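Please treat every number below as a calculation from the coordinates, not as lab data. No experiment lies behind these values; they were computed from the predicted model shown. So basically every Cβ, Gly included, is an ideal-geometry build from the backbone, and we count neighbours across all protein chains shown.
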Amino acid sequence: MKTNCQNCKKDFDITKNDLGFYEKIKVPSPTFCPECRMIRRMAWRNERHLHKNKCDICKENIISIYSEDSPYKVLCGSCFHGDAWNPFDYEMEIDFSKPFLQQVKELQLKVPRLYSFVFQNTNSEYTNGAAFNKNCYLIFVSDYDEDCAYCYSTTNSKNSLDLFNSTENELCYDSSSCVKCFAVSFSEDCASSQNLIFCKNCNNCSDCIGCVNLRNKKHCLFNEQLTEEEYKQKKKELNLENRESLKSLEKQAREVWSKYPLKYIHGLKNIDVMGDYTNNSKNSSFVFDSNSVEDSKFLNFGSKIKDSQDAYVLVDGSELCNEIVSGITLSNAKCSYCVWVGFNISYSDTCENSNNLFGCVGVRKGEYCILNKKYSKEEYEQLVEKIIKHMNDMPYVDEKGIVYKYGEFFPIDLSPFSYNETIAQEYFPLEEKEALEKGYRWMKKKERDYKIEIKSEEIPQEIEGVGEDIVNKVIECAHKGDCNHQCTEAFRIRKSDFDFYKRLKLPLPDLCPNCRHTKRFKTHNPLQFWERGCMNKGCQNKFKTTYSPDRPEVVYCESCYQKEVY
């Protein structure tokens, strides 16, 4: 059936299977369209903005996702998980004279919050959404990495810089969606390869430059087979140690890439899946950056889950979940943020190892709780029914007049973060005026107390001859803040960065980490589908793909692609 989104006013479809899912988990149909629901969830995820702050209990300095002027109490990891505070001390009585979500908002402002989402890292202070990392700096949503920096969604990698959505790599640089690679730079979608430069979708290859769709190849330049001696001579002539030469080579490589067919989906071992960057999944649609997903829909970063809808980061055996942001091992969880290990949880925020929660914040090892107050099983069940009715009879209404009855995820104005602090700004960028008109908060750019020591035009073109005296100097970003990349306008080269560039004979970057990240981020296909036909002559296959019709790539269906490439 068709219905109208109360947020963007566009019509959207709710299928028979959707209705069956909502009936199974006992929630009403959504009143926001899929895209507006996605943006609403993303606006709760500050992944890459870090601030200096202090723990509210021990007063130690911390690097936090919450700024010092945030209205929230923020605790370091030791204090948050320690015995110095008790979440049940903040219990609230239900007040049926005002909207329930308003009461949750009041509770959010009282209960201390975890400073960042990190776990068992070593010498990796400047991180978030990160666990089991060692000697890492400015890596986000990344686990089990060592000696890595400026990475996003990277796992099990070593001695690498500027990676995006990559796994099990070593000595790699400025690459996206690469797996099990060694010494691969400026490349995308490559696997089990080494010594590649500006290559795309190459597998089990080595010593190649500007190539695409190669398998088991060596010593190739722009897909042309060369002898080892010819390759070495051509590589020398390309002057790969020079920044301007690399920029020219990138342009040439992308022109070559666009002439070769690509599969309509980034994914392997899927059955009946409409998604992208998704593997080992079945019977799922609108699924992105996910693995081992079954019978699910509208997911970003799902892993090992089934029978769930509308989530951003939902992992490790979760099922029967709806409208979740950052969930781990959940069952029958709805409309909640940062909830880990539990079942029957609704409208809760940063709770763990708990069951049967409704509207709780910061609860650990709790059961049958509402607004952090404990009840008996019978009292809890009776009150939940009464609260659901109350949420429908007296819903929360935001400043724009949008109504939030039971079943809707938290409004954006309850998010702890400004819109431009969150991942929503990366996928759906807004200017400040647009965000404020939509009723979103906006983080103003803070004045920085620094003096530019090296202008962007003064950055050496080659690393050769550059001394260690450049380490920690303030270098101007070439964008100078004139971009929508959340540019920091200046950056420093750390000693470990300098050693890495020297080892690989790479020129120093001329962009700040945020601008470099945005450039890689834009190589990732959008979270949108278009109906297209296979571009192989004579093939009549149709499919949904994240490659828009106006893009230059040649897009094939699965069978035609396999015939051509494998």
Any lysines whose Cα falls less than 25 Å from that of LYS269, other than same-chain ones fewer than 8 residues away, would be LYS180, LYS200, LYS217, LYS282, LYS297, LYS304, LYS306, LYS542, LYS544, LYS563
Sorted largest first, the C-alpha extents of the range 399-549 along its principal axes in whole angstrom are 59, 55, 24
CD proxy, 222 nm, the chain: helix-only mean residue ellipticity via -39,500 (n - 2.57) per DSSP H run with n ≥ 4, per residue, nearest 500, stands at -5500 deg cm²/dmol
Surrounding charge for THR127, neighbours by C-beta under 14 angstrom, Lys/Arg +1, Asp/Glu -1, total -4
From fewest to most C-beta neighbours within 10 Å, the residues LEU214, LEU330 line up as LEU214, LEU330
Ordering 148-160, 67-79, 536-548 by per-residue average of other C-beta atoms within 10 angstrom, highest first, gives 148-160, 67-79, 536-548
Low-density loop trypsin sites (Lys or Arg not before Pro), the range 184-270, at most 16 other Cβ within 10 Å, DSSP non-H/G/I/E/B, are LYS259, LYS269
Proxy exposure order for THR350, THR122, THR518, THR523 (fewest C-beta within 10 Å first) is THR122, THR523, THR518, THR350
Given all pairs of distinct Cα atoms, the chain yields a Kirkwood Rh in Å of 25.3
Helix 495-504: inclination vs the chain longest Cα principal axis, degrees, rounded to 10, gives 40
The Cα extents of the range 270-319 along the principal axes, largest first and rounded to whole Å, are 20, 14, 14
Per the rule of 0.36 nm per residue minus the C-alpha distance, extending ALA84 to ASN216 adds in nm 41.7 nm
Between ASP413 and ASP482, Cβ-based FRET efficiency (R0 41 Å, step 0.05) works out to 0.85
Hull surface over four for the Cα convex hull of the range 480-566, reported in nm², is 9.0
Computed over the range 456-521, the Cα gyration tensor eigenvalues, each multiplied by 5 and square-rooted, give semi-axes in Å (largest first) of 21, 12, 10
Quick numbers on the range 55-197, Rg and Dmax over C-alpha atoms in Å, give 19.9, 66
In Å, the Kirkwood estimate of hydrodynamic radius for the range 422-464 over Cα pairs equals 14.0
The local net charge around TYR137, scoring Lys/Arg +1 and Asp/Glu -1 for residues other than TYR137 whose Cβ lies under 10 Å from its Cβ, equals -2
Footprinting proxy, CYS208, CYS8: sorted fewest to most Cβ within 10 Å, the residues are CYS8, CYS208
